[in-house]
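Chemist: Shown below is the structure under consideration.
The values are calculated or read from the model by the stated rules, or taken from the named source; none is laboratory data. Treat the numbers as computed from the prediction; the structure is a model and nothing was measured. Ideal geometry is used to build each Cβ from the backbone, glycine not excepted, and the neighbour counts take in all protein chains shown.
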Amino acid sequence: MFYLGIDVAKVKLDCELLNTSTGKVKAKVVPNTADGFRKLLDWLRKHDAASAHLIMEPTGVYHESAAFFFSDAGLAISLVNPAQLRKFAQGIGVKTKTDKADAKVLARYGEMQKPEVWQPPPLSVRTLKALLARRDAVADDLLREKNRQEKLEATETPQLVTESVQSSIKFLEDELKRLQKCIDDLIDDDPDLREKKELLTSIPGVGDRVSDHMTALLAGRDFATAEQLAAYLGLVPVHWESGSSVRGRPRMSKAGPAHLRKLLYMPAVVAIQRNAHVKALYERLLERGKSKMAAIGAAMRKIAHLCFGVVKTGRAYDKNFALQS
């Protein structure tokens, strides 16, 4: 059995090929490009390791091209949580932090932990995620320009500068509308995406922006339970206790994608007023003496649970369903 640890950087892939039968390790460095991927595949075949199990860390966007290429080539790939990998490296006594050392740790992790094989999302989901990322970036740029406009209106500003900001705002508003139409058309044209979004928007408090992102997430990843989804989003409480005297206040883990957590905050605030399940949970926690922020965090987690529930069952939100649970 072969395990290939791949440490991903912007311009290169540091690879360590572990042969579990002999214990020998071979190293290879290739560019993080399509040509580099082909060279690595040829190198694997040369060493009779064409069926190697690839182990990678998800590093921003730089790992995606390689992951999709090798998955399409039929190789098994696992994406390892960086925090888990650091703990694993500490556990086996590795203190060196280099690209080569990290690749070797990844290969050892594959051998010892036998991680789950990653399943790439369908092309429609990849496209949706890319469009959502671009839409959010344009929305952020638009907000910054509007803030600039507000400051300019409060000061004496040359007309040319004012016109430049106004022109930029007009362009960004038009581009935002165009991107949203592309997103809506993509979802409408895909039966699975359309069904998921319709189910998600049936939940009071979940609007178009949240439902778009949750549609992409739930169509691209297979979560076994609602709690698993909440853990991925970093919404589960982490307890801090040691012995009989140390009792830290539980805090949200914040281990998942920060942009999705941020996106769920305002829907949770709205759902406290409009969603029967979220309102009941929020009020119950306040009665127990929990702080408002802790209760809002629980409301965010409840929305994640409800999103999982409607998609998993294929049934729209029912305000009367198991309200006391």
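Chemist: Exactly one of (1) part of a helix (DSSP H, G or I); (2) touching a residue at least 12 places away in the same chain (Cβ under 8 Å) is unmet by Lys319. Its number?
Modeler: Here Lys319 meets the rest and fails (1).
Chemist: Considering only the range 190-204, I want to know if a residue exists there that is of a type in the set (Ser, Thr, Tyr), surrounded by 14 or more Cβ atoms within 10 Å (Cβ to Cβ), touching a residue at least 60 places away in the same chain (Cβ under 8 Å) and under 19 Å from Arg315 (Cα atoms).
Modeler: yes
Chemist: List every residue pair whose Cβ atoms lie under 9 Å apart, where the two residues are 6 or more positions apart in sequence or sit on different chains, the first residue falls within the range 254-265 and is of a type in the set (D, E, K, R), and the second residue, located anywhere, is surrounded by 13 or more Cβ atoms within 10 Å (Cβ to Cβ) and assigned to a helix (DSSP H, G or I).
Modeler: Lys254/Arg261; Arg261/Met300
Chemist: Could you tell me how many of the residues in the range 174-227 are aliphatic (A, V, I, L, M) and not in a helix (DSSP H, G or I)? Talk me through it step by step, then tell me what you get.
Modeler: The initial filter retains those residues of the range 174-227 that are aliphatic (A, V, I, L, M), namely 176, 179, 183, 186-187, 193, 199-200, 203, 206, 210, 214, 216-219, 224, 226.
Going one step further and asking which of them are not in a helix (DSSP H, G or I), we end up with 203, 206, 224.
Of the residues in that region, 3 qualify.
Chemist: Given (1) within 23 Å of Ala9 (Cα to Cα); (2) in a loop (DSSP other than H, G, I, E, B); (3) out of contact with any strand residue (DSSP E or B) (no Cβ under 7 Å at 6 or more places or on another chain), identify the lone condition not met by Trp118.
Modeler: Every condition holds for Trp118 apart from (3).
Chemist: Which number in (1) at pLDDT 95 or above; (2) basic (Lys, Arg); (3) farther than 30 Å from Asp190 by Cβ marks the one condition that Lys95 misses?
Modeler: The failed condition is (1).
Chemist: In this structure, is Lys97 among the basic types (Lys, Arg), surrounded by 16 or more Cβ atoms within 10 Å (Cβ to Cβ) and outside the structural domain of Pro257 (by TED's automatic domain parsing)?
Modeler: Working: among the basic types (Lys, Arg): yes; surrounded by 16 or more Cβ atoms within 10 Å (Cβ to Cβ): no; outside the structural domain of Pro257 (by TED's automatic domain parsing): yes.
It is false that Lys97 is among the basic types (Lys, Arg), surrounded by 16 or more Cβ atoms within 10 Å (Cβ to Cβ) and outside the structural domain of Pro257 (by TED's automatic domain parsing).
This table checks each residue for (1) among the aliphatic types (A, V, I, L, M); (2) within 23 Å of Lys114 (Cβ to Cβ); (3) without any contact (Cβ under 8 Å) to a residue 60 or more places away in the chain; (4) in contact with a Gly (Cβ under 8 Å, 6 or more places away or on another chain).
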| position | (1), (2), (3), (4) |
| --- | --- |
| Asn19 | no, yes, yes, no |
| Val30 | yes, no, yes, yes |
| Trp43 | no, no, yes, no |
| Glu57 | no, yes, yes, no |
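Chemist: Tyr109 is checked against (1) under 25 Å from the mean Cα position of the chain (by Cα); (2) among the aromatic types (Phe, Trp, Tyr); (3) not assigned by TED's automatic domain parsing to the domain that holds Val29 and fails just one. What number does that condition carry?
Modeler: The failed condition is (3).
Chemist: Another question, then. Does the range 155-176 hold any residues that are surrounded by 12 or more Cβ atoms within 10 Å (Cβ to Cβ) and either among the basic types (Lys, Arg) or closer than 30 Å to Glu195 by Cβ (or both), and which are they? Talk me through it step by step, then tell me what you get.
Modeler: Residues of the range 155-176 surrounded by 12 or more Cβ atoms within 10 Å (Cβ to Cβ): 157, 162, 164-166, 168-169, 171-173, 175-176.
Residues satisfying the conditions are Glu175, Leu176.
Chemist: Taking the criterion of being at pLDDT 90 or above and under 26 Å from Leu128 (Cβ atoms), would at least one residue in the range 235-245 satisfy it?
Modeler: Just the residues of the range 235-245 that are at pLDDT 90 or above, to begin with: 235.
Among the residues that remain, those that are also under 26 Å from Leu128 (Cβ atoms) are: 235.
Within the range 235-245 (the criterion being at pLDDT 90 or above and under 26 Å from Leu128 (Cβ atoms)), the answer is yes, since at least one residue qualifies.
Chemist: Can you pull out the residues in the range 259-309 that are hydroxyl-bearing (Ser, Thr, Tyr), outside any helix (DSSP H, G or I) and crowded, with 19+ Cβ neighbours inside 10 Å? Even if it seems obvious, please write down each step before you answer.
Modeler: Of the residues in the range 259-309, the ones hydroxyl-bearing (Ser, Thr, Tyr) are 265, 282, 291.
Restricting the remaining residues to those that are outside any helix (DSSP H, G or I) gives 291.
Within the range 259-309, no residue meets the criteria.
Chemist: From the list Glu163, Glu145, which residue is among the charged types (D, E, K, R), part of a helix (DSSP H, G or I) and more than 25 Å from Gly207 (Cα to Cα)?
Modeler: Values: Glu145 fails: more than 25 Å from Gly207 (Cα to Cα).
Of the residues listed, the single one that is among the charged types (D, E, K, R), part of a helix (DSSP H, G or I) and more than 25 Å from Gly207 (Cα to Cα) is Glu163.
Chemist: Out of the residues in the range 106-149 that are under 15 Å from Met56 (Cβ atoms) and in contact with a Lys or Arg (Cβ under 9 Å, 6 or more places away or on another chain), which is surrounded by the fewest Cβ atoms within 10 Å (Cβ to Cβ)?
Modeler: Checked the range 106-149; the qualifying residue surrounded by the fewest Cβ atoms within 10 Å (Cβ to Cβ) is Gln119.
Chemist: Give me the residue from the range 281-315 that is in contact (Cβ under 8 Å) with a residue 40 or more places away in the chain and more than 19 Å from Ala230 (Cβ to Cβ) and, out of that set, farthest from the chain's Cα centre (by Cα).
Modeler: Within the range 281-315, the match that is farthest from the chain's Cα centre (by Cα) is Arg315.
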